[in-house]
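All of the numbers you see were taken from the coordinates with simple rules; none came from a lab. Everything numeric here is computed off the predicted structure, so don't read it as measured data. Virtual Cβ from ideal backbone geometry, glycine too; neighbours counted across all protein chains shown.
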Amino acid sequence: MSIKIHTHAFDAIIVGAGGAGLMAALYASRGANVAVISKLYPTRSHTGAAQGGIGAALGNLEEDRWEWHAYDTVKGSDYLADQDAVDVLCREAVETVVELEHMGLPFDRTPEGKISQRRFGGHTNNETKKPVMRACHAADRTGHMILQTLYQQCIKNKVNFFDEYHVVDLIRVDNTVRGIVAVCLATGDFHVFHGKAVMFATGGWGRCWEVTSNAHSLTGDGAAICLRRGVPMEDMEFFQFHPTGIFKLGILITEGVRGEGGVLINGKGERFMEKYAPTIKDLASRDVVSRAIYLEIQAGNGVNGQNYVHLDVTPETVNKYLAEAGETRRLTAEMIEQKLPDIADFTRTYLGVDPVKEPMPIQPTAHYAMGGIPTDVDGCVILDAANTVLDGLYAAGETACVSVHGANRLGTNSLVDLVVFGRRAGVHMAHYCRQAELLPLPDNPAAGVMAEFERIRNGKGDAKAAALRTRMQKTMTDNVGVFRTAHLLQQAQDDLRELRQEYANIQIDDNGRQFNTDLLEAWELGCLLELAEVTALSAAAREESRGGHARDDFPQRDDEQWLKHTLCHKEGDQYRLDYKPVVIGRYQPQERVY
Amino acid sequence: MQVKLRVRRFNPEKQPKPWWGEYTLDNVSPNDSVLDLLHRVKWTIDGTLSLRRSCAHGVCGSDAMRINGVNALACKMLVARLADGRDSVKIQVEPILGLRVLKDLIVDMEPFFDHYRAVLPYFMNNSPAPANGRERLQSPEDRARFDDTTKCILCAACTTSCPSFWANDRYVGPAAIVQAHRFIFDSRDEGFQERLDVVGDTFGVWRCRTIFNCTNACPRDIEVTKAIAEVKMALTSGEV
């Protein structure tokens, strides 16, 4: 059967329409002809699921400084973040949040009418060491408001969208970028988008794990495509497990719940975070809290002997602990309904639990990729330890690794990352497109990926994508989770290698063209499998514990050997690990205590 | 428990007429969502079943469907709610009404987004921002005025449950009016007049017959009919 290939030309092509892609589109389209290509309608993007807030040292409710935000970010990263990039993130967070307000974003307000802020894990007043109100919020749907606002502004500014076009390849010729290849979901036709610059803003790959807060569509397409086209993956062993996912379902319960005073309680009724983080307790960094929950469960302190603990935000419990801490503020049922309405809706819908009256059963959930496509602070993709830039290729948002999150991301910083680096990448792309030439397309630029699609479509094996995906998610959950050992990581690598072989014999049911989601899910599984393998391999090599990467067999952080970023290259069917130094600035690595 | 699932199927590449796919699913948990059931069919019985979904917890707006005759998000509609205590239940799933069906549960969303774009769904304010480089101020009371309509996820459950929209698809529909409301009642916005011109048009708010289907259908619990009424009042009074 012949398949149509359509060709389009733009200056810049942005893949993905979440926060980073839309912010980049707004800025790039001021100076270049831009196309935004997304496999989802833009408002379906997962930025919209972000809840608690976006961090910026506005100081609207109490003293705050961007330098404190920077220190907290570096400490949160377990000193693996590049400190020059962190300075950019935290300094520009302030003006970028104000800019979002000027775009109409409906933040909650203080009594004086300023943007309201609340506490969040790991954000502190550096002098008193106490939690600081830094997370700017719109109820518990801050990400929804950011996504809607940016999409609205893109409509206002007449940005070109190609909705439900699934990008499946990058056209790279030596060290130049020529465009991308996409499948139009509605027709199944292939489209070549010819351009001077390409940006990936395709989000994370939480679907490698069984219990995840991530959408079904978060399959790491952009990262896997780059890996296949000779771009290394940075720091893939660092994947964040958010401490509070709804038990079994993984749906996120924002850290804002603890910011409002919620506490974690084990099966014995103890507020166990007092043991693990005596100073800021439940508001310690996510890696610290996830490990604490895991250890409590391992010690038999789960609730009802099961693999969960309670997150309690009932006014009775919260006010008891506030009084004990000598704080004057109190929480009421109305405040929960007003400040955490979506959380209340989720737990009522999916658990039949009313958070105003009862504690919520929670467990750690696979949440966020700290690692990904290596970039500099302008979103330019880099290829090696010498920071060689691949001209015309960009990445931003979760799929990118600048690195501002290092070994563990602080809550609220994903939204900051999206808008700050999305904007910088957009500005840089527009500038780049003004001086770059449109280089010719190679012959048959879609041929390679079309052959891969035909292979999947005509596969005669007995492997089903869904069954392989379930097995991948199981091995990643069992072996590449909150705690790791050499043995577990070897098991994961063995399992993944076997799955890769079976994937070569995949078979699908749908041989049609239109909305062939069977085919595209099978292709997405290929992306997940590769990223899972890179994650397990990078984790096995790093013989230390740092941030989100906790090794039972190497429980200490080892700055002497491991204060460096991992770069994993794909060469044929083999992977090769390389390392690059961390940029240290004002803050020398210290022991990390909360 | 057992679910007898009946799904409206359509694939124009294979046959011009729609048909019903029937699937008996055992060992269903009452906590499973309709999306879980559809995934089970797609992943273990028939991979050709096509639908849109993403977040699977009611915030992305991809999977609005007609479930037992009522619009809902498949990921937020749990089997327990439909079973109502029984140990076996029949669940019928169809695409939302009033938009062209492209394949199975996937409809053409373009006319819906055309209506959305028609109401100028973006913040307009040409006055200079505060000279101190900070945010515009807005009182918590002014912010609360339009809070309800900021929750919209553009899932189309409201518009495609509206008999006035079914009768004439040129009606902008409840979702677009919700979007207009979000800006009309924002004290910072200056696009009041331009937007009222659109929603006051022949195919604007006056097509609403206050049927309340939209309010019942909204998975975000937005008081859609009330928002439409407030826009009608703004049109007649010229004030917000």
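Points to keep in mind about this one:
- When +1 charges are put on Lys and Arg Cβ atoms and -1 charges on Asp and Glu Cβ atoms, the dipole computed for region A:490-594 relative to its Cα centre reaches about 680 debye.
- Ordered by the count of other Cβ atoms within 10 Å of each Cβ, fewest first, B:Thr159, A:Thr176 give A:Thr176, B:Thr159.
- Proximity of backbone amide H atoms, modeled 1.01 Å from N, is registered between A:Cys401 and A:Ile373, A:Thr375 at under 5 Å, excluding neighbours fewer than 5 places apart on the same chain.
- Averaged over the residues of A:136-148, the number of partner chain Cβ atoms lying within 10 Å of the residue Cβ comes to 3.
- Other residues within the sphere of radius under 12 Å centred on the Cβ of A:Thr202, judged by their own Cβ, net out at -2 (K and R +1, D and E -1).
- Euclidean distance between Cα centres, region A:159-176 to region B:1-78, Å: 31 Å
- Listed from fewest to most Cβ neighbours within 10 Å, the set B:Ser127, A:Ser77 follows the order B:Ser127, A:Ser77.
- Taking 1.002 mPa s as the viscosity and 20 °C as the temperature, the Stokes-Einstein diffusion coefficient of region A:390-527 based on its alpha-carbon Kirkwood radius rounds to 114 µm²/s.
- Relative contact order for chain B, counting Cα pairs under 8 Å that sit 6 or more residues apart, in percent: 18 percent
- Over all other residues within a Cβ to Cβ distance under 12 Å of A:Gly448, the charged ones net out to 0, with Lys and Arg as +1 and Asp and Glu as -1.
- Phi-derived couplings, Karplus 6.51 cos²θ - 1.76 cosθ + 1.60 at θ = phi - 60°, listed residue by residue for region A:40-57: 10, 4, x, 6, 8, 4, 6, 3, x, 8, 5, 10, x, x, 10, x, 7, 7 Hz, with x used for Gly and Pro.
- Among the residues of A:103-112, the average count of other protein chain beta-carbon atoms within 10 Å of the residue beta-carbon is 5.
- Across chain A, the relative contact order, built from alpha-carbon pairs under 8 Å that are at least six residues apart, equals 21 percent.
- In range of the label at B:Ser88: residues from region B:1-17 whose backbone nitrogen is under 12 Å from the point 7 Å along Cα→Cβ: B:1-5
- Region A:303-362 and region A:198-277 have Cα centres separated by 21 Å.
- Of the cross-linked pairs A:Lys130/A:Lys248; A:Lys39/A:Lys196; A:Lys248/B:Lys4; A:Lys114/A:Lys158; A:Lys268/A:Lys339; A:Lys39/A:Lys158, those separated by over 23 Å at the C-alpha level are A:Lys130/A:Lys248; A:Lys248/B:Lys4; A:Lys114/A:Lys158; A:Lys268/A:Lys339.
- Each 20 Å bin, from zero up to the one with the longest distance, holds this percent of the alpha carbon pairs of chain A: 22, 57, 21, 1.
- When the helices of chain A are scored as -39500 (n - 2.57) per DSSP H run of n ≥ 4 and the total is divided over every residue, the value at 222 nm lands at -11000 deg cm²/dmol.
- Percent of beta bridges antiparallel (DSSP, the protein assembly as shown, rounded to nearest 5): 65 percent
- Proximal lysines to B:Lys17, defined as alpha-carbon separation beneath 21 angstrom and excluding residues fewer than eight positions away on the same chain: B:Lys42, B:Lys103
- Each Lys and Arg contributes +1 and each Asp and Glu -1, all at the Cβ; summed about the Cα centre of chain A, the dipole is approximately 660 debye.
- Peptide B:180-186 is shielded by partner chain Cβ atoms: per residue, an average of 1 of them sit within 10 Å of its Cβ.
- Simple point charges give the picture: +1 on the Cβ of Lys and Arg, -1 on the Cβ of Asp and Glu, and for region B:130-188 a dipole about the Cα centre of about 140 debye.
- The relative contact order of region B:9-90, computed from alpha carbon pairs under 8 Å that lie at least 6 residues apart in sequence, is 27 percent.
- When B:Thr150, A:Thr110, A:Thr279, A:Thr328 are sorted by how many other C-beta atoms sit within 10 angstrom of their C-beta, beginning with the fewest, the order is A:Thr328, A:Thr279, A:Thr110, B:Thr150.
- All lysines inside 23 Å of B:Lys232 as judged from Cα atoms, apart from same-chain residues fewer than 8 positions distant: B:Lys151
- Loop-located GluC sites (Glu not before Pro) in region A:477-547 (DSSP state other than H, G, I, E, B) with a sparse environment of at most 15 neighbouring Cβ atoms within 10 Å: A:Glu543.
- Look at where the Cα atoms of region B:164-195 and of region A:11-27 average out, and the two centres are 27 Å apart.
- A dipole drawn for chain A from +1 and -1 charges on Cβ atoms has a positive end, and of A:Pro111, A:Leu529, A:Thr73 the residue lying farthest that way is A:Pro111.
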